[in-house]
Every structure is written in structure tokens, then in C-alpha cells.
1. Based on the Cβ-Cβ distance of residue 47 and residue 88, what FRET efficiency does E = 1/(1 + (r/R0)^6) give at R0 = 30 Å, to the nearest 0.05?
2. Take peptides 93-101, 53-61 and line them up by average Cβ neighbours within 10 Å, highest first, as a rough protection proxy.
3. Report the gain in length on full extension from residue 136 to residue 5: 0.36 nm times residue separation, minus Cα-Cα distance, nm rounded to one decimal.
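None of the figures in this text is laboratory data; all of them are computed from the coordinates on show. Computed from a prediction, not measured in an experiment: that's the story for all the values here. Cβ atoms come from the backbone with ideal geometry, glycine included; neighbour counts cover every protein chain shown.
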């Protein structure tokens, strides 16, 4: 998870990365890409499509399973895309990923509606910690516009 790795890398004593007691809790099936249909990625990256027997197909790149936002009741898709993080891989592939605030709201929705997975509570903690860390960093830098740049 991007935000977990960012917290570990920051090594901020006030905002440490949550401690994972069970490695499978850190494994994310929901990297939460937004504004791209799953089928578009399947068409563009057929070599990474995994089709297990009796289960839905998914993307897996170097052991990381990629997922897509699945809870439209928990997020507003247009807002999610507008506020999403635009990233680019070294090979030039561009994608968006939910910002920590929307990821937190999405996980919170799933957990409170009892529709979440076992790792959602841990991911909720990561998203909360990272969002607070990022806001604190923006304030420390005396940013004049933290909500649009660091949200």
C-alpha cells in the first residue's frame, strides 16, 4: 500500500506506520484505482490478468494484486477522480489512486456497514494516520493551500 510505505519511509515519530501483526492484513486487494474501468486495464495489460478457477479475474503485477474502487455508496466517483493522486510508473503508465481522505472514508463506510474485509480496519488506520501526517506536513511547510495540494 502506497500510504503505508510512505509512512515507513518518513520515519516520523509522531506518525509511525501502524504495526502489522499479521502480514496478510497489509496485503491489499484494493489499491483503489479510480476513473478507469477494470475492463480497460484488462484489455491494456492482458499479460497481467489472472483468471482463477471459479472466481473473478483480477490484475496482478509482480505479486501485487490490483483492485478497483467497488463501493459507490461510500464515495462519490467524480469527487474521487478529481481529488485522486495522479501517478506515473517508470515505464510511463499513468493511473490514479484514491487520496488518503477518500480512502479513509471508503474504508470507514465498508467497516461501519459491515461490508468490509478483514484487512479494512487496518487499512482504515493507515489512511487515517497518513492523512493526518500529510496535513501536518502541509501546515509545517506553511502551505497556503494544503487542501488542494496535499489532500
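1. 0.90
2. Descending packing order for the listed peptides: 93-101, 53-61.
3. Stretched fully, the residue 136-residue 5 segment lengthens by 45.4 nm.
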